[in-house]
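> Here it is, the structure in full.
Derivation of every value follows stated rules applied to the coordinates shown; laboratory data play no part. Just so it is clear, the structure is predicted and the values come from calculations on it, not from any experiment. Neighbour counts run over all protein chains shown; Cβ positions are idealised from the backbone, glycine included.
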Amino acid sequence: MADNKAEFQAGGVSHNFNIKDGAIGPSVVDISSLYKNSGMFTYDPGFTSTASCESKITYIDGDQGTLLYRGFPIEQLADHGDFLETCYLLLYGELPNKVEKDDFVNRVTYHTMIHEQMSRFFSGFRRDAHPMAIMVGTVGALSAFYHDSTDIADPHQRMIASLRMIAKMPTIAAMAYKYHIGQPFVYPRNDLDYASNFLHMCFAVPCEEYKVNPVLARAMDRIFILHADHEQNASTSTVRLAGSSGANPFACIAAGIACLWGPAHGGANEAALNMLSEIGSVDRIPEYIARAKDKNDPFRLMGFGHRVYKNYDPRARIMQKTTHEVLGELGIKDDPLLDVAMELEKIARSDEYFVEKKLYPNIDFYSGITLRALGFPTNMFTVLFALARTVGWIAQWKEMVEDPSQRIGRPRQLYTGYPERDYTPIDQRR
Ligand code: ACO
């Protein structure tokens, strides 16, 4: 192997590929000419060794447990920043100065209402519809209402679409919640900050005043920061793949929401809380640890393990702190689920199975307890994740659309079905 080349031997022929270095992190072997030169594809189900794009947005070092947005550690953003500032950072690449921040906040704030006709979409759903099902449908429907921001070739329209989604997602999420519980929709309030406005739209009712607790609003804001982006995860890759065909941004984000819903991804916080409730008490933990380790039992400890983090998920640490702050503010001294969670973490972190496989708590392990304490039912957890991740999806989508080397995403396959065979008329089939 030459210094910046990787050599690959196949059928006695050697092929050389360029090695590309990133700013930090592993280098990549550029195999884009492999098929042309060798007639072979690479095979990497689940993309465990495949970089699908170049990106300047988010960096994760899974071994160290590091997460950087545009170079800034997540801990610093969570401690000192706020969500809209983080949105600006992800979208534009730099932290805003005061004037830029005020302008951005203003632009997001004045896009929070949705087209009045869109509210009728909600009543088409059954009351017992999962709020994520409502999100997939209604976010996709945005493209039917905002035609003036669907031309992806126009940078101005791309930015308007981006702001619209960051601004309207809390409104749509709150409406999905209100519809689900049978309460009237609450309009956005432009005098409130992003997180406070969201809590207000979720928990206010027309018949009485609702005062947003600033400690809880700050916790909500921090939860949004923690979920804002996570480089090329399944839902982000879905957004990029959908967008690579030139699909409009609203449709792409709806695709991302659909992917996020799965229990191995954004649905894990709901699944983690359900699991903690099912365990119920500390004395039942050994039974569940044994099940998680049993190869013949499909049960997994939800909120544990991560494709990239082979160390403590840095977001989980901040989330655990936030959990304590929220429970403290609400005067919840004993939460049996928190007791189960802390004990489960303690046991799992000293158990050989989890230690050897480097299975640490991920962000979802504590987020469910916090969100429940904030007043959200479990089926809203993934909706909140989608709300916060929208900015990451958009930043990644914009980066892709603005990359001149961008082409439609088209993975190849290893075909293992029948070779060519002849059609059999129906009366001759067995
Ligand atoms: N409980 C028990 N065993 C586990 C767990 C778990 N939570 N996670 C992984 N393992 C085991 C697997 O059984 C496997 O064991 P083996 O090597 O003996 O077969 C090994 O650890 C590796 O697991 P994979 O599934 O190959 O790892 P992968 O990187 O594909 O999966 C995932 C990562 C999906 C997150 C997995 O750890 C999991 O299912 N966790 C629970 C769901 C969860 O919390 N998801 C949230 C992810 S974070 C997010 O989306 C915000």
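> Want the number for L95 to A264: 0.36 nm per residue separation, take away the alpha-carbon distance, what's left?
Result: 57.6 nm gained on full extension.
> Estimate the FRET efficiency between V13 and S52 by the formula 1/(1 + (r/R0)^6), using the beta-carbon distance for r and 30 Å for R0, to the nearest 0.05.
0.65
> Please enumerate, by chain and number, the lysines with C-alpha under 25 Å from the C-alpha of K5, excluding those fewer than 8 residues away in the same chain.
Candidates past the 8-residue exclusion: K20, K36, K56.
> Let me make sure I get this right: for segment 174-308, a, b and c are the square roots of the gyration tensor eigenvalues over alpha carbons, sorted descending. Under 1.5 in a/c it's rounded, otherwise prolate if a/b > b/c, else oblate. Which is it?
Judged from the Cα gyration tensor, segment 174-308 comes out oblate (a/c at least 1.5, b/c at or above a/b).
> Let me ask something else about it. Cut-off 10 angstrom, C-alpha nodes, Gaussian network model of the chain. Which of K101, K358, K36 fluctuates the most?
K36
> In addition: So which GluC sites (Glu not before Pro) in segment 345-412 are both in a DSSP loop and have at most 14 other Cβ atoms within 10 Å of their Cβ?
Taking segment 345-412 and a limit of 14 other Cβ atoms within 10 Å, the loop GluC sites (Glu not before Pro) found are E402.
> Next question, about the same structure. Step through the residues of segment 403-417 one at a time and calculate ³J(HN,Hα) from phi using the Karplus curve (6.51 cos²θ - 1.76 cosθ + 1.60, θ = phi - 60°), rounding each to whole Hz and writing x for Gly and Pro.
So the J values, rounded to whole Hz, are 7, x, 8, 5, 10, 4, x, 8, x, 9, 9, 9, 7, 10, x.
> Rounded to the nearest 0.05, what FRET efficiency do Q64 and S27 give with R0 = 25 Å and r taken as the Cβ-Cβ distance? Could you check?
Given R0 = 25 Å and the Cβ-Cβ separation, E is 0.90.
> Still on this model: Straight-line reach from K293: which lysines fall under 29 Å, measuring Cα to Cα and dropping same-chain residues less than 8 apart?
K310, K321, K346, K357, K358
> Here is a follow-up. So how far, in whole Å, is the C-alpha centre of segment 43-88 from the one of segment 123-161?
26
> Taking 0.36 nm per residue of separation and subtracting the Cα-Cα distance, what length does fully extending S123 through I408 add?
99.0 nm
> Right, here's the next one. Distance between Cα centroids, segment 284-301 to segment 355-430: provide it in whole Å.
The distance from the Cα centre of segment 284-301 to that of segment 355-430 comes to 25 Å.
> Okay, next question. For the Cα atoms of the chain, what angle does the longest principal axis make with the long axis of helix 314-329, in degrees from 0 to 90, nearest 10?
10
> Could you calculate the FRET efficiency of E420 with K346 from 1/(1 + (r/R0)^6), where r is the beta carbon distance between them and R0 is 56 Å, rounded to 0.05?
With a Förster radius of 56 Å, E is 0.45.
> Could you check the simple spin-label distance between A6 and N190, using points 7 Å along Cα→Cβ, in nm with one decimal?
Placing both labels 7 Å along Cα→Cβ, they lie 5.3 nm apart.
> Of the residues R240, R412, R284, which exhibits the maximal mean-square fluctuation in a Gaussian network model of the chain defined by a 10 Å Cα contact cut-off?
Greatest mean-square fluctuation among the candidates belongs to R412.
> Check F304: other-chain or 5+ apart residues with amide H under 5 Å from its amide H, H built from backbone geometry?
N362
> Next up: What order do you get for 258-267, 244-253 when each peptide is scored by the mean count of other beta carbon atoms within 10 Å, highest first? All intermediate terms of the calculation are to be shown ahead of the outcome.
Numbers: 258-267: 19.0, 244-253: 21.0.
Result, highest mean first: 244-253, 258-267.
> Contour minus end-to-end for D79 and H115, with contour as 0.36 nm per residue of separation and end-to-end as the Cα-Cα distance?
Contour length minus Cα-Cα distance gives 9.4 nm.
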